[in-house]
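The values are calculated or read from the model by the stated rules, or taken from the named source; none is laboratory data. Note that the coordinates shown come from a computational prediction; the quantities given were computed from them, not determined experimentally. For neighbour counting, all protein chains shown are included, and Cβ atoms are generated from backbone atoms with ideal geometry for every residue, glycine included. Only protein heavy atoms, including side chains, enter the accessible area calculation; ligands, DNA and RNA are left aside. Shrake-Rupley method; radii C 1.70, N 1.55, O 1.52, S 1.80 Å.
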Amino acid sequence: MMNRESIFAAIQAQVALGAADASSFAVIIVRVRGLRDIALRFGYAQGELAEESVRVLIEQSMRPMDRVFRAGDDSFAIVLPGMRHQNHTLLAATRLIRAFEQPMNTGSTPWHGQAIMGIALYPQHGTEADALCRRAEMALDEALRRGDQYAFYQPQDVQVEIIHEELRDAIDTNRLRTYFQPVWDLQNHRVAGVESLARWTSERHGSVSPANFVPFAEQSDLILALTRWSINATLRHAAPLHDMPGLTFAINFSPRVFSKPGIVEQLMDALDIWGVAPTSVIAEVTETALVNNLELSLQVLGRLRDRGVGIAIDDFGTGYASIAYLRKFPATELKIDQSLIVDMHADAQTNKLVRAIVNMSHHMDLTVVAEGVEDQATQDLLADMGCDYGQGYHLGHPEPAADFVARYKSTAVKSSPADS
């Protein structure tokens, strides 16, 4: 629970000073990934020791004048006076990121945390404590959505106020829809699989972007229910294609579900119910899962891999993974982030980097999927590099899963989208 009274009092004190001498300050909301899992895995006593060690680490990373407050099970609020412009705050955020680079020890239990930050500035982003805290939280949501370690509040960001009960009811009553986006075999010019995507039309807001409701589910108790829904909805549509070997179905998994018991068994049971082979399913996890809850991620994904499920590392190339992490991870494929793919033509160094990732992956017996293929020239360049698969609007837009299944069964697509 946020220590709202103390946090708001500290912020309002800075607001009063700022009004008097035209000074600026920053409010940072920090979520420490991996912290909450300490209590779940090793008990509440160890969890409390970990929370205290994190608070001390944050205070040591800040200046003596900065104020640090507990703001939740794995969250802290920091008030930083005298931040004359954004770059000063960025330096403070960078110090905090570096402080979490080394493993921490709680008693005899070493663990690795990661600080994710949302930042709001006075007076640019608000002149009241409530507004500054909310906008720092909104920036934190944006950082989580993008897989970044920090984000400044952007006034143009559109945030939908999601009601917990409405999303929970939509999941429970199966009012979400499954969309499939094709994954194209760049070497053999055919559809090789799909990525399963959730879509939601809210009675309050109309169409709600997954960029809004998926992070909301991750930050609440709804992510397990959403994942369970996604598994069954995907496999229900995959079942009619079980007699067409070679087609894979990628399902996104949040690392937050790895701490929940039975996730592996739930997937295996669903595969049995729908008659889909484990080798037809790929579990996608974002690159940040490599550094957040690493041991737990390795354990759960290793069990999936042992049962024949493919493991894809999503958004590779923009996060904080290293070759050392990659060596440990039971991955079968890498998905290169679209931000690298779209820059290949304009930037020679990015071109070389993508080519190096493809070559490295093949040496490690990993297949490669390039995200964000938006034109024929990019498709041709990736094929020439030896990239295995591509995904993007040039190769196919997301569409209702039922429509994809009906068309795939009737046409058995084998030609390149450029030729169709």
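Tabulated values for the structure
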{"read-out": "Cβ pairs under 6 Å, 6+ apart, first in the range 121-139 and at positive phi, second outside any loop (DSSP other than H, G, I, E, B) and buried (at least 22 other Cβ atoms within 10 Å of the Cβ)", "value": "G126/L132; G126/R135"}
{"read-out": "Residues being under 19 Å from M117 (Cα atoms) and not charged (D, E, K, R) - total across the range 31-49", "value": "3"}
{"read-out": "Unmet criterion (only one of (1) crowded, with 17+ Cβ neighbours inside 10 Å; (2) under 25 Å from E101 (Cα atoms)) for E295", "value": "(1)"}
{"read-out": "Residues of the range 350-366 classified as among the β-branched types (V, I, T), closer than 13 Å to K335 by Cα and either part of a strand (DSSP E or B) or modelled with pLDDT under 95 (or both), total", "value": "2"}
{"read-out": "Filter result for G319 (at pLDDT below 95, under 17 Å from T286 (Cα atoms) and in a loop (DSSP other than H, G, I, E, B))", "value": "yes"}
{"read-out": "N174 assigned to a loop (DSSP other than H, G, I, E, B) and either within 19 Å of the chain's Cα centre (by Cα) or without any contact (Cβ under 8 Å) to a residue 40 or more places away in the chain (or both)", "value": "no"}
{"read-out": "Complete set of residues in the range 367-381 that are outside any helix (DSSP H, G or I) and acidic (D, E)", "value": "E371, E374, D375"}
{"read-out": "Condition met for T234 (touching a residue at least 60 places away in the same chain (Cβ under 8 Å) and either in a helix (DSSP H, G or I) or among the hydrophobic types (A, V, I, L, M, F, W, C) (or both))", "value": "yes"}
{"read-out": "Qualifying positions in the range 58-81 - open to solvent by 40 Å² or more (accessible area, probe 1.4 Å) and of a type in the set (A, V, I, L, M)", "value": "M65"}
{"read-out": "Tally of residues being surrounded by 14 or more Cβ atoms within 10 Å (Cβ to Cβ) and either assigned to a loop (DSSP other than H, G, I, E, B) or in contact with a Cys (Cβ under 9 Å, 6 or more places away or on another chain) (or both) across the range 382-413", "value": "9"}
{"read-out": "Some residue of the range 184-195 being within 18 Å of the chain's Cα centre (by Cα) and touching a residue at least 60 places away in the same chain (Cβ under 8 Å)", "value": "yes"}
{"read-out": "Test for E161: is it in a loop (DSSP other than H, G, I, E, B) and more than 25 Å from C387 (Cβ to Cβ)", "value": "yes"}
{"read-out": "Sole residue being in contact (Cβ under 8 Å) with a residue 40 or more places away in the chain, farther than 21 Å from A402 by Cβ and open to solvent by 50 Å² or more (accessible area, probe 1.4 Å), chosen from Q219, Q154, Q149", "value": "Q219"}
{"read-out": "When residues of the range 1-36 are limited to those that are polar (S, T, N, Q) and buried (at least 16 other Cβ atoms within 10 Å of the Cβ), the one farthest from F76 (Cα to Cα)", "value": "S24"}
{"read-out": "Test for R84: is it within 20 Å of R33 (Cα to Cα) and open to solvent by 90 Å² or more (accessible area, probe 1.4 Å)", "value": "no"}
{"read-out": "Test result for A356, of a type outside the set (D, E), farther than 28 Å from P278 by Cβ and surrounded by fewer than 17 Cβ atoms within 10 Å (Cβ to Cβ)", "value": "yes"}
